[in-house]
Amino acid sequence: MQYYGKNYKSLAKAKYKEDLAEILENEEWICVDIRMPEDYRRGHLKGARNITTQEELQGILEQNKKILINCYLGHSASLLGSDLVEAGYTNIYFLDEAIVDCL
């Protein structure tokens, strides 16, 4: 299996700040923010959904869209991305950047 990412390695494909404009304006994508709800409320990517439970994540996965996962720095997103790719999902990407640099 191939690993992606400059800052953190993952089986999910890495995306970066310069990719966000195209992703966030495209209905083929869903952005999943896995940070704590209070941090999400302080600032998040446009249109991002704060997902904190496995049930919520499963509902997103069933929509059959490209999924961009973000966290604080990229590490947790890279780990979750790898787990989802290993589970057979092929439409998983992670933000390999600190979220504060992307807001």
### Message
Can you list residue pairs whose Cβ atoms sit under 8 Å apart, with the first residue in segment 24-38 being aliphatic (A, V, I, L, M) and the second being part of a helix (DSSP H, G or I)? Count only pairs 6 or more apart in sequence or on different chains.
### Response
I30/I60; V32/L57; V32/I60; I34/S76; I34/A77; I34/L80
### Query
When segment 94-103 is examined, which residues are found to be within 17 Å of N50 (Cβ to Cβ) and assigned to a helix (DSSP H, G or I)?
I99, V100
### Task
State which residue pairs qualify: first residue over 19 Å from M36 (Cα atoms) and inside segment 58-83, second residue not hydroxyl-bearing (S, T, Y) in any location, beta carbons under 6 Å apart, and separation of 6 or more residues or different chains.
K65/E28; K65/I30; K66/E28; K66/W29; K66/N91; S82/L11
### Query
Wholly within segment 1-93, which strands (runs of 3 or more DSSP E) include no fewer than the required count, namely at least 3 residues that are surrounded by 20 or more Cβ atoms within 10 Å (Cβ to Cβ) and modelled with pLDDT of 95 or more?
29-33, 66-70
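The values are calculated or read from the model by the stated rules, or taken from the named source; none is laboratory data. Fair warning: this is a prediction, and the values are worked out from it, not measured in the lab. Note: ideal-geometry Cβ built from the backbone for every residue, glycine included; neighbour counts use all protein chains shown.
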